[in-house]
1. Sorted by mean Cβ packing within 10 Å, highest first, what order do the peptides 77-84, 56-63 take?
2. Got the relative contact order for segment 40-99 handy, in percent, Cα pairs under 8 Å and 6 or more residues apart?
3. Please give the peptides 87-99, 39-51 ranked by average Cβ packing (other Cβ atoms within 10 Å per residue), highest first, as a rough proxy for protection.
4. Using Cα-Cα distances under 8 Å and only pairs 6 or more residues apart, what relative contact order does segment 18-126 have, in percent?
5. Segment 18-126: D in µm²/s via Stokes-Einstein (Kirkwood Rh, Cα pairs, 37 °C, 0.692 mPa s)?
């Protein structure tokens with residue numbers, strides 16, 4: 001019997017839609033270093049953080065949850081063309097703070113020590 005062919009990597013459209021609950025629960029329980037898949041609407045764009053590795057930053061209103069800062073490392077992944085009002089899905093690591101929290105690690109880890117993250121907007125995946 002021949003082995004089954006390898007499955008191709010999932011396309012952006014094939015990725016499951018994330019749940020908003022993990023971010024809401026992490027925020028309410030003041031938890032950090034939580035791997036999350038979530039989504040929401042972009043509220044506003046912020047200037048890039050240029051200290052250390054540059055990070056694209058925007059505020060995301062998680063549906064049914066808090067507003068969070070998304071910090072996307074531009075040394076490791078391409079800029080994501082988001083605008084206020086855009087619907088965004090993402091995978092990354094949530095860090096609690098009293099303002100709603102931060103989601104970072106929205107890219108691949110070149111050293112392979114951290115779970116890979118991503119951002120999906122308008123059907124396109126950015127890693």
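1. Working: 77-84: 14.5, 56-63: 20.1.
Highest to lowest by the protection proxy: 56-63, 77-84.
2. Working: 94 pairs, mean separation 21.1, N = 60.
Taking the mean separation of contacting Cα pairs over the length of segment 40-99, I get 35 percent.
3. Averaged packing, sorted descending, gives the order 87-99, 39-51.
4. 26 percent
5. For the chosen part, D equals 242 µm²/s.
Every number in this text was worked out from the coordinates using simple rules, so none of it is lab data. Small disclaimer: the values here were computed from a predicted structure and weren't measured. Note: ideal-geometry Cβ built from the backbone for every residue, glycine included; neighbour counts use all protein chains shown.
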